[in-house]
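Let me begin by presenting the structure, written as structure tokens, before commenting on it.
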Amino acid sequence: MSEIIIPENYSKEVNQEIAVNQIAYGVNDKKIAILKGDFEGICYLCDANTNKAVFETKLSLNKFDSTNLVYVKHFDFSEFKQTGKYYIATEKGVSYPFEISDKPYEEVTKAMIKALYFQRCGMALEEKYAGEYKHGECHNFPAFDVTDPTRVFEDVSGGWHDAGDYGKYITPANQTVFNMMYAYELFNKGVDFDLNIPESENEVPDILNEAKYELDWMLKMQDDNGGVHHKVSTSVFAGNVMPDDDKLENDFNFNEKSEEYLKQHPEIDEEFLKTHQVMSQISLTATGGFAAAMAIAARVYKKFYPDFANKCLEAAKRAFDFAYENKDGGKKWEFNNIYPVGTGVYGDSCWYDEIYWGAAELFRTTGDKIYEQKFAELFKEKFSKTLFGAYHQGGHGSFAYCLCENADKQLKAKVLNEIIKGAENALTIYNRNAYLNCLHDGVNSNENDYYWGSNAGLTNKLGNMISAAYLTKTDKYDNAIRDSISYIFGRNYISQCYVTGFGTKSTKNPHHRPSMFDGVDEPVPGLVAGGPNDRKWERPRKQDGVKQTEGIDWENMPPAGCYIDWEWNWTTNEITIYWNSSCFYVTAYLNSK
Ligand code: 9MR
Ligand code: ZN
């Protein structure tokens, strides 16, 4: 083959309008770069070590991106099938570098799972496992019951900090452990890594070792009646501190309201409030999803820890019974913060989906038809049977039911139909999206998909697609899944890779207290940022520090551009356990192919 010569006048400057997956493309996969604006002529794929062009081709015709109202062109180098490190050269500059690899998602998957270890609460993170991100143990304080402060839960330790804050919430936990245990059950090859965590030496796969750290804490959140407390946290969000410096005395606002509160509760005093966390009330959302999560745990841990598995099964049944009995109890079950709690709400006005999911998992684990009956009954209720996530968990339930070998054929066909409808819908969005992902542009609907946590909105849709792919044994969704992951990894309107520690222009300043206050330059690696958020009422606020928002024309910013890599913008740049798990669930699937 004769040498390909790049014209002399081609610029060597990085041009961010050339968007690539900054981590890696699979060697045999579809490989496309997306160029925004008026690029012309021939583009080259160049070897990053030799700076020699290895492939050339013309750009596609203009494609209209209806989300951001711009024209883009595609540079398709799928034909080129050699592993290595590359970049794209054009007349108007070069792209960030990326790899072509036969294992494109492995390292990042591993890091995204390991990120949960870095969220561990209650134990010290030792240097051996955490390196420079080590810190001492944290938050091992008892908690009082918000509805009755004389009732104290002595041990609510363990689990992961939910996000950039240090609260521990059950509903997002339910999704996170679901993603982990399903990844293990269905795509084991895709998550079979040594994570270098304290339990790595045992016989249990590390993905399950890590999930168990959360499950052990979750069990402490169940009350004697089977109901599960929605969350445990300090009274208000922690200040600017590392986890081990979060001392309770600073997490309570002593003011007129607290004086009033103390008057109402003569049994307790200021000292008590300075030494206790708060256990929020039971919610049906938390309880239904907990039943599901524990029923899965009963299945997957059976061969490693039979006693633990039994305990999980008992907990699942008790939670399910409580949720089922109270499911029609109305408004009183809708979760809202009760004073003195002011941390993350994770409210949800519909809990049928969580209970539906609980019924499906219990049926899958036990084979007991009683759960199938209840599942069938709940299937008739009005809620989405396809969505994955921390708020909407009907999709988890539908998937679980369709995986049951002894499921009723007719009902299964109906449930499967819902799953496929969801996947086809996402595929339609993908097929008309010039940036090649499943995020809705908002045309012909009320709102676009660029809301708080949009990156997880996307990976949750992929979760639905994966269910459809798995159940119908098709690879028809795989391009949409891979291309959407490329969006998360940098092939987007602002060339932003949303995973810390990966890619070139990656998230450096997540709203994540440990990353902000540990004195280490680089953020904790493997964290997935929430992503662009187009909702006007959630724009960064002047009072939080206007300096960092200067230069961004928010009024005219198109949806996929509404992101800033600034640590105080939690509406675009926070991280959470369930956004991480939703993403590595997808890469686990891709790894297993
Ligand atoms: O992800 C949540 C988002 O949908 C809500 O609009 C927002 C405000 O209630 O809260 C987000 O969840 C946060 C939670 O309340 C506390 N931990 C961090 C979560 C992610 O930002
Ligand atoms: Zn902690």
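The values are calculated or read from the model by the stated rules, or taken from the named source; none is laboratory data. Keep in mind that what you see is a predicted model, and the values were worked out from it rather than measured. Methodologically, a virtual Cβ is constructed for each residue, glycine included, from the backbone with ideal geometry; neighbour enumeration extends over all protein chains shown. Ligands, DNA and RNA are excluded from the accessible area calculation, which covers all protein heavy atoms including side chains. Shrake-Rupley method; radii C 1.70, N 1.55, O 1.52, S 1.80 Å.
For region 320-336: of the residues being touching a helix residue (DSSP H, G or I) at 6+ places or on another chain (Cβ under 7 Å) and under 30 Å from PHE252 (Cα atoms), which is least open to solvent (accessible area, probe 1.4 Å)? Here the answer is PHE335. Here the helices (runs of 4 or more DSSP H) wholly within region 434-525 that include at least 1 residues being farther than 27 Å from ASN417 by Cβ and within 16 Å of ligand 1 (Cβ to nearest atom) are 454-472, 513-517. When you look at LYS374, is it open to solvent by 50 Å² or more (accessible area, probe 1.4 Å) and farther than 21 Å from ILE577 by Cβ, yes or no? Answer is no for this residue. Looking at region 245-252, can you tell me whether even one residue there is crowded, with 16+ Cβ neighbours inside 10 Å and more than 16 Å from ligand 2 (Cβ to nearest atom)? Yes, region 245-252 contains at least one residue that is crowded, with 16+ Cβ neighbours inside 10 Å and more than 16 Å from ligand 2 (Cβ to nearest atom). Filtered by the rule that a residue be open to solvent by 80 Å² or more (accessible area, probe 1.4 Å), touching a residue at least 12 places away in the same chain (Cβ under 8 Å) and not in a strand (DSSP E or B), region 58-71 gives LEU61, LEU69. What are the residue pairs meeting all of these: first residue in region 570-593, first residue open to solvent by 10 Å² or more (accessible area, probe 1.4 Å), second residue β-branched (Val, Ile, Thr) and within 14 Å of ligand 1 (Cβ to nearest atom), Cβ atoms under 7 Å, and 6 or more apart or on different chains? Close Cβ pairs (under 7 Å, with a partner that is β-branched (Val, Ile, Thr) and within 14 Å of ligand 1 (Cβ to nearest atom)) amount to TYR578/THR176; TRP579/VAL528. Filter region 72-106 for residues that are touching a residue at least 40 places away in the same chain (Cβ under 8 Å) and open to solvent by 30 Å² or more (accessible area, probe 1.4 Å) and give the result. The answer is ASP76, LYS81, GLN82, THR83, GLU91, LYS92, PRO97, GLU99, ASP102, LYS103, GLU106.
Look at TYR117 and say whether it is among the hydroxyl-bearing types (Ser, Thr, Tyr), touching a helix residue (DSSP H, G or I) at 6+ places or on another chain (Cβ under 8 Å) and surrounded by 22 or more Cβ atoms within 10 Å (Cβ to Cβ). For TYR117, the condition - among the hydroxyl-bearing types (Ser, Thr, Tyr), touching a helix residue (DSSP H, G or I) at 6+ places or on another chain (Cβ under 8 Å) and surrounded by 22 or more Cβ atoms within 10 Å (Cβ to Cβ) - is met.
Of the residues making up region 158-198, those that are among the acidic types (Asp, Glu) and away from ligand 1 (no atom under 16 Å from the Cβ) number 3.
Within region 329-354, being within 11 Å of ligand 1 (Cβ to nearest atom), under 14 Å from HIS392 (Cα atoms) and modelled with pLDDT of 95 or more holds for one residue alone: TYR346.
Against the definition (assigned to a loop (DSSP other than H, G, I, E, B) and surrounded by 15 or more Cβ atoms within 10 Å (Cβ to Cβ)), how does PHE55 come out, yes or no? Judged against the criteria, PHE55 is not a match.
Is it fair to say CYS583 is under 15 Å from the mean Cα position of the chain (by Cα), within 29 Å of LEU35 (Cβ to Cβ) and either of a type in the set (Phe, Trp, Tyr) or away from ligand 2 (no atom under 16 Å from the Cβ) (or both)? Yes. Residues in region 72-124 that are within 16 Å of ligand 2 (Cβ to nearest atom) and not in a loop (DSSP other than H, G, I, E, B): ALA115, LEU116, TYR117, PHE118, ARG120. Among the conditions (1) more than 30 Å from LEU471 (Cβ to Cβ); (2) of a type outside the set (Phe, Trp, Tyr); (3) assigned to a helix (DSSP H, G or I), the only one that PRO149 does not satisfy is (3). Just to be sure before I move on: is ILE419 closer than 17 Å to SER581 by Cα and among the aliphatic types (A, V, I, L, M) in the structure I sent? So ILE419 fails the test.
Is it the case, given these coordinates, that TYR352 is of a type outside the set (A, V, I, L, M, F, W, C), closer than 27 Å to GLY453 by Cα and open to solvent by 10 Å² or more (accessible area, probe 1.4 Å)? Yes.
State which residue is least open to solvent (accessible area, probe 1.4 Å) when the search covers only region 209-233 and only residues that are polar (S, T, N, Q) and in contact (Cβ under 8 Å) with a residue 60 or more places away in the chain. It would help to see each step written out before you state the result.
Step one: filter region 209-233 for residues polar (S, T, N, Q), giving 209, 222, 225, 233.
Checking which are in contact (Cβ under 8 Å) with a residue 60 or more places away in the chain leaves us with 222, 225, 233.
Numbers: GLN222: 24, ASN225: 86, SER233: 3 Å².
By that ranking, first place goes to SER233.
For region 143-154, does any single residue satisfy the condition of being open to solvent by 10 Å² or more (accessible area, probe 1.4 Å) and within 14 Å of ligand 2 (Cβ to nearest atom)? Within region 143-154, none of the residues are open to solvent by 10 Å² or more (accessible area, probe 1.4 Å) and within 14 Å of ligand 2 (Cβ to nearest atom). Taking the options GLY226, GLY159, GLY167, name whichever one is on the phi > 0 side of the Ramachandran plot and in contact with a Gly (Cβ under 9 Å, 6 or more places away or on another chain). None of the other options fit; the residue is GLY159. Take the conditions within 23 Å of TYR301 (Cα to Cα) and surrounded by 24 or more Cβ atoms within 10 Å (Cβ to Cβ) and apply them to GLY358. Does it pass? Yes, satisfied. Taking first residues from region 375-399 that are part of a helix (DSSP H, G or I) and modelled with pLDDT under 95 and partners that are away from ligand 2 (no atom under 16 Å from the Cβ) and of a type in the set (Val, Ile, Thr), no Cβ contact under 7 Å between residues at least 6 apart in sequence or on separate chains turns up. Whether a residue is at pLDDT below 95 and surrounded by fewer than 19 Cβ atoms within 10 Å (Cβ to Cβ) was assessed, and GLY367 does not pass this test. Screening region 120-138 for residues that are within 30 Å of HIS265 (Cβ to Cβ) and open to solvent by 10 Å² or more (accessible area, probe 1.4 Å) and picking the one that is nearest to ligand 1 (Cβ to nearest atom) gives GLY122.
Scanning region 325-351 for residues that are without any contact (Cβ under 8 Å) to a residue 40 or more places away in the chain and part of a helix (DSSP H, G or I) yields GLU325, GLY330, LYS331, LYS332. Surrounded by fewer than 20 Cβ atoms within 10 Å (Cβ to Cβ), aromatic (Phe, Trp, Tyr) and over 20 Å from GLY463 (Cα atoms), is that true of TYR339? So TYR339 fits the description; yes.
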